[in-house]
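See below for the structure under consideration.
Read-outs throughout are calculated quantities, based only on the coordinates presented, and are distinct from any laboratory measurement. Bear in mind the structure is a predicted one, so any value in this text is a computation, not a measurement. Please note: Cβ atoms are built from the backbone with ideal geometry, for glycine as well, and neighbour counts cover all protein chains shown.
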């Protein structure tokens, strides 16, 4: 495109803005004389000048007809001009002959027909639109509302509108449209319910899903597999696992999609045996079936079973994707099976997933959990791009291996790279401050995560701060901190304080903390043993023996622990 064409195009845009038709005609002649009229860019500018300057649209049509290779912009400009000049028939003829329509073409035509009052053709065109968006939906809906003809709209039309809103993540709008639909006496079908339930899941509000469930039961729609699957998906995305399982138990007919969903549902609510039964029920397992079961085993602490299933999948020559691979590597990390993990690393290289962020995050986690922090950092440094999960894997790897200074340095690098931290990031940062004795810095980051990053602390963050204060010997302050938490503390926090009382020889405070712990979990041996040790350390053998006797009277015994060891190393 020459500088001369750009200059002429700019002048044409000026004519359009000033609605100066005579000047525009002069520029048209200049374009013809210079031989630039064949330029698509110049022709489109010329076309727009004629359509916007109040000229007879026949002039615009002549320019359009002379364009040898028109694009969507050329067609849409003239269609829009016809519609705004109240010539819907000519616009429709042009629209029908358009070889490749885009969203603007459909929206312009539908909106123009609605504006001219031709709701019948507008609705027909809307139902033919490949993917309806909010613009077309609003045009149709407001067209019927303005004419008081909402009752003439069909369930197909309402489904299109509702689906468009749901696909655009407009959850509240979708529910409002569903309410309007039922108020007009139009009975929703399975497709309506699937869209509305999807919207319920997207906004994560339980009551809407429950209301839809009740509505579906009342009208007998839940017998439809599409609706039942959508309801289960909605409940599971809202974390209402028991209700999702209840709906599944009431279904008589299943398909693979639904069974795959149920593997994830049962896994997420810790019922891994039920998930395994569902997996075995599937006659023709697809990749999602295998992935869901492997992920379920891995997330529920069944690392060996996850790896066995992955190996079975690999031996069947099924396609391995990043989901299965990352879960298998995570399973290796959880039991420190470095040799198996490195074999999976080799497989990752062979199938071309070595630069995948999800897989690499799992590999970094594997190396760090096996004490190979340098190897994890080398892998991290070799990545061409990073996301917050990869940064977190390296930060947590450093933190869990006691590299506190490296955590804080890497955290600064993360900020410089423009990556926003999340909840996991701050667990690593607070843990690093805890292990390096940086009490004030840890308290500062705890405050800043709320004020500067708008991240609400969860139990893990509070536990880190409690541990931070306990290690520094600020025991009373740690108790005050626990008492001001917005939720009930768990036993692990009090156990940390009790351990601090033992380490710092605070017998009086230790006995009070032990009492709180025993109230929380009266059958756990930990607080009794800690309190007995505190008394023994101060030579109070009688009190120590009384605590031991209390354990015997309540039939409380210490349970032995165990650990995984990779014998090949």
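For this structure, a couple of remarks:
- Note on segment 448-512: Kirkwood hydrodynamic radius from all Cα pairs is 12.3 Å, rounded to one decimal.
- What the Cα convex hull of segment 285-385 gives, in volume per residue, is 85 Å³.
- Here the gap between residue 84 and residue 121, fully extended at 0.36 nm per residue and compared with their Cα-Cα distance, gives a gain of 11.6 nm.
- C-alpha center-to-center spacing [segment 236-290, segment 73-133] in angstrom: 45
- Gain on full stretching of the segment that runs from residue 176 to residue 32 - 0.36 nm per residue minus C-alpha separation: 46.3 nm
- Here r is the Cβ-Cβ distance between residue 350 and residue 273 and R0 is 41 Å; the resulting FRET efficiency, rounded to 0.05, is 0.75.
- Distance between the modelled labels on residue 286 and residue 474, one decimal in nanometres: 5.5 nm (7 Å Cα→Cβ projection).
- Most tightly packed first, judged by the mean number of other beta-carbon atoms within 10 Å of their residues, the peptides 68-76, 288-296 read 288-296, 68-76.
- Size descriptors for segment 349-426: radius of gyration and Dmax over Cα atoms are 11.8, 36 Å.
- Cβ-based exposure ranking for 332, 34, in which fewest neighbours within 10 Å come first: 34, 332
- Each of residue 441 and residue 319 was given a label point 7 Å from its Cα along the Cα-to-Cβ line. The distance between the two points is 4.8 nm.
- Cβ-based exposure ranking for 448, 377, 350, in which fewest neighbours within 10 Å come first: 350, 448, 377
- Label point at residue 40 placed 7 Å out along Cα→Cβ; residues across segment 50-91 whose backbone nitrogen lies under 17 Å: 64-78
- Exposure proxy order (Cβ contacts within 10 Å, fewest to most) of 180, 444, 493: 444, 180, 493
- Computing Rg and the Kirkwood Rh from the Cα coordinates of segment 391-486 gives a ratio, Rg/Rh, of 0.96.
- If R0 equals 41 Å, the separation of the Cβ atoms of residue 242 and residue 312 corresponds to a calculated FRET efficiency of about 0.85.
- Convex hull projection area averaged over all views, segment 57-197, Cα basis, nm²: 8.6
- The simple Förster model, with R0 at 22 Å and r as the Cβ-Cβ distance, assigns residue 133 and residue 72 a FRET efficiency of 0.90.
- Protection proxy ranking of 109-122, 475-488 - average other beta-carbon atoms within 10 Å, highest first: 109-122, 475-488
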